[in-house]
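S.K.: Below: one structure in structure tokens.
The values are calculated or read from the model by the stated rules, or taken from the named source; none is laboratory data. Predicted model, so just to flag it, every value in this text is computed and none were measured. Every residue, glycine among them, receives a Cβ derived from its backbone with ideal geometry; neighbour counts consider all protein chains shown. Keep in mind that these areas ignore ligands, DNA and RNA; they rest on the heavy atoms of the full protein, side chains included. Shrake-Rupley method; radii C 1.70, N 1.55, O 1.52, S 1.80 Å.
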Amino acid sequence: MNDETRLQASLLALRLTVFLVMAMWTVDKFVNPGHAAGVFENFYFIPGLGAGAFLLIGLAEAALLLAFVAGVLKRFTYGAVLLLHAASTLSSFPRYIAPFEGPNLLFFAAWPMLAACLALYLLRDRDRLLAVA
């Protein structure tokens, strides 16, 4: 396997696994809007969103993620996924200060994923394996 093939396989693996994580958070908005409301209130300081709002947010996220995993409009979709995950990671900042309280240690898993999102964005032109464009 040459360097280009290894790079292509690595970028595809990153794209698929970032999609998997983000898709689970998107599905959460449909199946458990109460949990999503708690996340928006506690981490983004946006209280009072109802199930209808999460349906719309979830649909927009799903469209973005499907385009992302297909490799469509990479500058936009990879960039949007990077920004969404960066906002999520940084909004959890208080959890990083007390890593051994409650489930806070789990929040550190966001950092390698953020690095994966950044790598995908920076190498988007090289990510061609199973990509539409």
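S.K.: For helix 110-122, what angle does its Cα long axis make with the longest principal axis of the chain, in degrees from 0 to 90 and rounded to 10?
M.R.: Relative to the chain, helix 110-122 is tipped by roughly 40 degrees.
S.K.: Okay, next question. Can you tell me the dipole magnitude for the chain around its Cα centre, using point charges on the Cβ only (Lys, Arg +1; Asp, Glu -1), in Debye to the nearest 20?
M.R.: Charge dipole, the chain, about its Cα centre: 280 debye, nearest 20.
S.K.: Let me ask another. Net charge near Leu120: determine it from the other residues with C-beta under 14 Å of the C-beta of Leu120, scoring Lys and Arg +1 and Asp and Glu -1.
M.R.: +4
S.K.: Quick one: pull the percent of accessible area on the chain belonging to carbon and sulfur, 1.4 Å probe, ligands and nucleic acids left out.
M.R.: 75 percent
S.K.: Can you give the extra length, in nm with one decimal, that the chain gains between Asn42 and Val27 once fully stretched, where that is 0.36 nm per residue apart less the Cα-Cα distance?
M.R.: Answer, rounded to one decimal: 3.5 nm.
S.K.: Relative to the longest principal axis of the C-alpha atoms of the chain, give the angle of the C-alpha long axis of helix 33-44, reported between 0 and 90° and rounded to the nearest 10°.
M.R.: The angle comes out near 90 degrees.
S.K.: Let me ask something additional. What shape does the stretch 65-133 have by the C-alpha gyration tensor, where a ≥ b ≥ c are the square roots of the eigenvalues, rounded means a/c under 1.5, and otherwise prolate means a/b greater than b/c and oblate the rest?
M.R.: Prolate, since a/c reaches 1.5 and a/b exceeds b/c.
S.K.: Additional query: If you count only protein heavy atoms with a 1.4 Å probe, what accessible area per residue comes out for the chain, rounded to a whole Å²?
M.R.: Working: 7840 Å² over 133 residues.
For the chain, the solvent-accessible area averages 59 Å² per residue.
S.K.: Show that you can apply the helix-only estimate: for the chain, add -39,500 (n - 2.57) for every DSSP H stretch of four or more residues, divide by all residues, and state [θ] at 222 nm to the nearest 500. Intermediate results must be reported in sequence, preceding the final value.
M.R.: Details: 6 runs with 97 residues, N = 133.
One gets -24000 deg cm²/dmol as the mean residue ellipticity at 222 nm.
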